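Colleague: Dumping the structure here so I can ask a few things about it.
The values are calculated or read from the model by the stated rules, or taken from the named source; none is laboratory data. Every value quoted in this text rests on a predicted model; they were computed, and no experiment measured them. Positions of Cβ are generated from backbone atoms using ideal geometry, with glycine treated the same way; all protein chains shown enter the neighbour counts.
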Amino acid sequence: MRIGLVGYDGPGRLLQAPLIASTPGAQLVGVVTGSSAQGAELSRAYPGVTCHADMAGLIAAGVDSLVIATPLGERAAQVREALLRGLPVVCAAPLARTLAEAKELLALAERLGVPLCIHQPRRWYSDLLTLARLLREKRLGRVRLFESRLQLTDLTAAGLGTEAGLLLELGSHLVDQALLLFGPVERVYAEAQFPRGDPAREREFFLSLRHRSGVVSHLSGSGLQRCPQRLRVVGERGVYSVDGLDGQAEALRQGRTPRSEKASWGAEEHQRWGWLSVGEERSRVPSERGRWDLFYEGWLAALTQGAPLPVTPRETLACQAILEAARQSARTGESLAVESLAETAERPRAGAQGRARQSSANVE
């Protein structure tokens with residue numbers, strides 16, 4: 001499968017390129033970048049991969065699929081062009097600035113019969129996969145509260161942009177995680193902090209989501225500080241908590257990849273395992289391996305074997321609907337109902353190829 005990458009700055013270089021190159025059956029054949037320095041770096045890191053000045057040149061060179069990893073303001077037009085040319089597309093999250101734009105792009109993909117999938121690698125965080133296992137094993141009991149944080153001081157190094165504000169850039173991943181684990185959301189309340197003189201780009205946010213299952217999710221993101229506690233889940237039988245970020249992004253920055261690390265990819269050292277607290281007892285919980293490599297394996301399976309997309313259109317729209325309600329809530333200070341579209345979000349089937357395993361144990 002010949003894959004072309006559009007955008008080599010930030011997430012394209014740090015995330016997409018090494019994951020594509022590590023996927024069995026995938027071949028990274030070309031990259032679009034307007035920077036000569038990035039082109040030189042590309043040649044050193046991926047000998048034989050061609051550099052192109054624009055997407056038209058990349059397509060003309062011959063690709064089977066495109067990955068769009070450009071800033072949010074450029075994505076919609078590029079996704080639309082690729083779809084109209086009949087090319088399956090993976091797009092960085094979020095797909096669009098607005099729910100209406102996301103609907104339009106996904107409707108176009110459906111009408112043309114061309115696959116469009118959003119890259120949500122944080123579904124395959126070690127801590128999230130470990131939590132899914134605990135839910136399947138019913139070790140927490142009925143979950144009441146899910147707290148998830150992504151607080152980063154260096155957004156560029158993390159492969160995240162700031163152009164659209166953190167509520168979209170980080171919130172799209174946090175909301176997707178909450179939907180994956182605990183299902184459709186009925187109401188949203190949001191707060192946001194903005195840089196002085198820039199009321200359009202959040203630098204810090206807090207979301208409270210009320211799921212139909214009864215679970216409440218508290219999600220937060222910040223570019224102003226680093227908080228050591230990444231995740232905390234409160235159930236009627238126990239509490240699971242994790243400090244610090246998943247190690248896969250750091251591994252990629254160090255030049256380690258799923259291909260080089262093989263079966264040890266995504267493994268967390270003992271001191272980074274989470275804690276399970278039951279009554280007065282507190283013990284370490286062995287972590288599942290982080291599996292960012294599974295997304296592109298699932299994408300290839302969808303294109304070549306007819307497997308389900310790793311992230312479905314309904315899941316994408318459900319997430320986008322919540323983000324839209326959250327931005328409105330942050331402006332008005334009110335708790336808002338989420339568009340009913342979010343209620344149609346599909347839950348991933350346990351064990352499906354290329355998808356994060358999840359459980360309905362939280363709704364015992």
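Colleague: Kindly indicate whether any position in region 213-228 is in contact with a Pro (Cβ under 9 Å, 6 or more places away or on another chain) and surrounded by 19 or more Cβ atoms within 10 Å (Cβ to Cβ). If you could, list the steps in order and put the result at the bottom.
Modeller: Residues of region 213-228 in contact with a Pro (Cβ under 9 Å, 6 or more places away or on another chain): 213.
Of the ones still in play, those that are also surrounded by 19 or more Cβ atoms within 10 Å (Cβ to Cβ) are none.
No, every residue in region 213-228 fails to be in contact with a Pro (Cβ under 9 Å, 6 or more places away or on another chain) and surrounded by 19 or more Cβ atoms within 10 Å (Cβ to Cβ).
Colleague: A further question on this structure: Just a yes or no: is a residue in region 327-334 crowded, with 17+ Cβ neighbours inside 10 Å and modelled with pLDDT of 95 or more? Talk me through it step by step, then tell me what you get.
Modeller: To start, the set of residues in region 327-334 that are crowded, with 17+ Cβ neighbours inside 10 Å comprises 327, 329-330.
With modelled with pLDDT of 95 or more added as a condition, the list becomes 329.
Looking through region 327-334, at least one residue is crowded, with 17+ Cβ neighbours inside 10 Å and modelled with pLDDT of 95 or more.
Colleague: Something else: Could you count how many residues in region 303-328 are within 30 Å of A26 (Cβ to Cβ) and charged (D, E, K, R)?
Modeller: Looking only at that region, the number is 2.
Colleague: Ok, one more. Of the residues in region 72-106, how many are modelled with pLDDT under 95 and in contact with a Lys or Arg (Cβ under 7 Å, 6 or more places away or on another chain)?
Modeller: Counting residues in region 72-106 that are modelled with pLDDT under 95 and in contact with a Lys or Arg (Cβ under 7 Å, 6 or more places away or on another chain) gives 1.
Colleague: Which residue out of L58, L83, L95, L66 is in a loop (DSSP other than H, G, I, E, B) and either surrounded by 20 or more Cβ atoms within 10 Å (Cβ to Cβ) or outside the structural domain of G10 (by TED's automatic domain parsing) (or both)? First the steps, then the outcome.
Modeller: On the way: L58 fails: in a loop (DSSP other than H, G, I, E, B); L83 fails: in a loop (DSSP other than H, G, I, E, B); L66 fails: in a loop (DSSP other than H, G, I, E, B).
Checking each option against the conditions leaves just L95.
Colleague: Which of the numbered conditions does E315 fail, given that it passes all the others? Conditions: (1) surrounded by fewer than 20 Cβ atoms within 10 Å (Cβ to Cβ); (2) in a helix (DSSP H, G or I).
Modeller: Here E315 clears every test but (1).
Colleague: Looking at (1) surrounded by fewer than 16 Cβ atoms within 10 Å (Cβ to Cβ); (2) modelled with pLDDT of 95 or more; (3) out of contact with any Pro (no Cβ under 9 Å at 6 or more places or on another chain); (4) not hydroxyl-bearing (S, T, Y), can you tell me which one H270 breaks?
Modeller: Every listed condition holds for H270 apart from (3).
Colleague: Tell me, please, whether a residue that is hydrophobic (A, V, I, L, M, F, W, C), assigned to a strand (DSSP E or B) and modelled with pLDDT under 95 can be found in region 182-202. Can you show your working first?
Modeller: Of the residues in region 182-202, the ones hydrophobic (A, V, I, L, M, F, W, C) are 182, 185, 188, 190, 192, 194, 200.
Cutting the leftovers down to assigned to a strand (DSSP E or B) gives us 185, 188, 190, 192.
Next, from what is left, pick out any that are modelled with pLDDT under 95: 192.
Within region 182-202, one or more residues are hydrophobic (A, V, I, L, M, F, W, C), assigned to a strand (DSSP E or B) and modelled with pLDDT under 95.
Colleague: If we scan region 115-122, do we find a residue that is surrounded by fewer than 22 Cβ atoms within 10 Å (Cβ to Cβ) and modelled with pLDDT of 95 or more? Let's see the steps before the verdict.
Modeller: Taking region 115-122 first, the residues surrounded by fewer than 22 Cβ atoms within 10 Å (Cβ to Cβ) are 115.
Adding the requirement that they be modelled with pLDDT of 95 or more leaves 115.
Yes, region 115-122 has at least one match.
Colleague: If you don't mind, another one. From the list P71, P11, exactly one residue is surrounded by 19 or more Cβ atoms within 10 Å (Cβ to Cβ), in contact (Cβ under 8 Å) with a residue 60 or more places away in the chain and of a type outside the set (A, V, I, L, M, F, W, C). Which is it?
Modeller: Numbers: P71 fails: surrounded by 19 or more Cβ atoms within 10 Å (Cβ to Cβ).
Criteria check complete, one pass: P11.
Colleague: Another one. If I filter region 126-149 for residues that are in contact with a Gly (Cβ under 9 Å, 6 or more places away or on another chain), at pLDDT below 95, assigned to a loop (DSSP other than H, G, I, E, B) and crowded, with 20+ Cβ neighbours inside 10 Å, do I get at least one hit?
Modeller: No, there is no match, as no residue in region 126-149 is in contact with a Gly (Cβ under 9 Å, 6 or more places away or on another chain), at pLDDT below 95, assigned to a loop (DSSP other than H, G, I, E, B) and crowded, with 20+ Cβ neighbours inside 10 Å.
Colleague: Also, quick follow-up: What is the one condition in (1) closer than 30 Å to G274 by Cβ; (2) aliphatic (A, V, I, L, M); (3) touching a His at 6+ places or on another chain (Cβ under 9 Å) that L58 does not satisfy?
Modeller: Unmet for L58, out of (1) closer than 30 Å to G274 by Cβ; (2) aliphatic (A, V, I, L, M); (3) touching a His at 6+ places or on another chain (Cβ under 9 Å): (1).
Colleague: Another question, if that's okay. Has region 154-167 got any residue that is in contact with a strand residue (DSSP E or B) (Cβ under 7 Å, 6 or more places away or on another chain), closer than 21 Å to S335 by Cα, modelled with pLDDT of 90 or more and buried (at least 21 other Cβ atoms within 10 Å of the Cβ)? Working first, answer last.
Modeller: Within region 154-167, the subset in contact with a strand residue (DSSP E or B) (Cβ under 7 Å, 6 or more places away or on another chain) is 166-167.
Pick out the ones that are also closer than 21 Å to S335 by Cα and you get 166-167.
Filter once more, keeping what is modelled with pLDDT of 90 or more: 167.
If we keep only those that are buried (at least 21 other Cβ atoms within 10 Å of the Cβ) too, we end up with 167.
Looking for residues that are in contact with a strand residue (DSSP E or B) (Cβ under 7 Å, 6 or more places away or on another chain), closer than 21 Å to S335 by Cα, modelled with pLDDT of 90 or more and buried (at least 21 other Cβ atoms within 10 Å of the Cβ), one finds at least one in region 154-167, hence yes.
Colleague: Oh, and also: Specify the residue that is surrounded by the most Cβ atoms within 10 Å (Cβ to Cβ); the eligible residues are those in region 40-55 that are more than 26 Å from the chain's Cα centre (by Cα) and part of a helix (DSSP H, G or I).
Modeller: S43
So that you can scan it fast, the table gives a plain yes or no per residue for (1) farther than 24 Å from A45 by Cβ; (2) surrounded by 12 or more Cβ atoms within 10 Å (Cβ to Cβ); (3) basic (K, R):
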| site | (1), (2), (3) |
| --- | --- |
| V242 | yes, yes, no |
| A263 | no, no, no |
| G266 | no, yes, no |
| R284 | yes, yes, yes |
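Here's the yes/no breakdown for (1) among the aliphatic types (A, V, I, L, M); (2) over 28 Å from E204 (Cα atoms):
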site: Q248; (1), (2): no, no
site: A267; (1), (2): yes, yes
site: S287; (1), (2): no, yes
site: Q305; (1), (2): no, yes
site: P313; (1), (2): no, no
site: G333; (1), (2): no, no
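Colleague: Identify the residue in region 25-71 that is out of contact with any strand residue (DSSP E or B) (no Cβ under 8 Å at 6 or more places or on another chain) and closer than 18 Å to H119 by Cβ and, among all such residues, is modelled with the lowest pLDDT.
Modeller: Filtering region 25-71 for residues that are out of contact with any strand residue (DSSP E or B) (no Cβ under 8 Å at 6 or more places or on another chain) and closer than 18 Å to H119 by Cβ, the one modelled with the lowest pLDDT comes out as P71.
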